[in-house]
Structures are given as C-alpha cells and as structure tokens.
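Asks: For reference, the structure I am asking about is given below.
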Ligand code: HEC
C-alpha cells in the first residue's frame, strides 16, 4: 500500500511539473515575471546613464556584459561621490536609486 502511494506521488510530480508550467506562464505573460535585480538595474543604466554616455562617454556605455565589472565604479560615482548622473537634466528617482542599490548588494563589492 505504501509503495502504491509513493509511486502515485512520484508520478504525479513528474507529470505536473510546476517549473515547466511556470516557463509557459513566463513566455506569455506581459507582467514582470522572472525579472531579476540585474535586469532592472540594466534598465536604469540604459535609460539614465547610457542616454548620455552614448555621446559623452562612449567608452563607458553599460551593457549586460560589462555592468558587473563596472559595478564598483558605478557605486563610487552614484553613491559615494554622487557625480553621476551628471548635470541637472537627468535625475534618478528614489526607486531607481533603490534598484541600483539592490543590484549592487547582490555583487558583494569590497
Ligand atoms: C549627462 C551626461 C551623463 C549622465 C546622465 C551620466 N553620465 Fe556618467 N559620465 C559622463 C561623462 C562625460 C563621463 C566622463 C568624464 C567624467 O568622469 O566626468 C562619465 C563618467 C562616468 C564613469 C567613470 C568615472 C571614472 O572616472 O571612473 C562612471 C562609472 C559613470 N559615468 C557612471 C554613470 C552612471 C552609473 C550614470 C547613471 C546613473 C551616469 N554615469 C550618468 C556623463 C554622464
């Protein structure tokens, strides 16, 4: 009897695989599903930093590939020296600061 119950349990978890179900939801969902802290940070870097760097500092255009390596510099410029975003036109909202902070906290910067 116990074996039957066990087998039923195992097979039911195999057939109703929750992670594949979630993958389907993710594929068709327009809500923020599975958006990581790094995805959100990349959005901020694109909207509030790259808009200017593209023309003013083309050697530091942030990408998904270089953002982690540049994180210590980003931290220093935005949170310590508060030099960036440069100028008066582009400001970060509190939410955007929090997004960058939450991402930086995942990186264990020294
Ligand atoms: C309006 C233009 C402008 C905006 C907006 C801007 N930057 Fe910059 N940034 C510059 C320029 C110009 C430089 C190069 C000269 C300098 O360091 O001042 C620079 C340099 C930097 C550097 C390199 C500094 C160093 O010497 O190590 C970092 C890191 C940086 N920016 C991060 C950011 C981040 C992060 C944002 C967005 C939150 C941002 N910047 C937004 C213009 C901008």
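Asks: Write down the radius of gyration of the range 37-105 and its Dmax, each obtained from C-alpha positions, in Å.
Replies: Radius of gyration, then largest Cα-Cα span, for the range 37-105: 10.8, 29 Å.
Asks: Can you tell me how much longer the chain between residue 70 and residue 108 gets when fully stretched, taken as 0.36 nm per residue apart minus their C-alpha distance, in nm with one decimal? Each step should come with its number before you reach the end.
Replies: Details: separation 38, 0.36 × 38 = 13.68 nm, distance 1.33 nm.
The residue 70-residue 108 span can extend by a further 12.4 nm.
No value in this document is a laboratory result; all are computed from the given coordinates. Quick caveat: nothing in here was measured; it's all calculated off a predicted structure.
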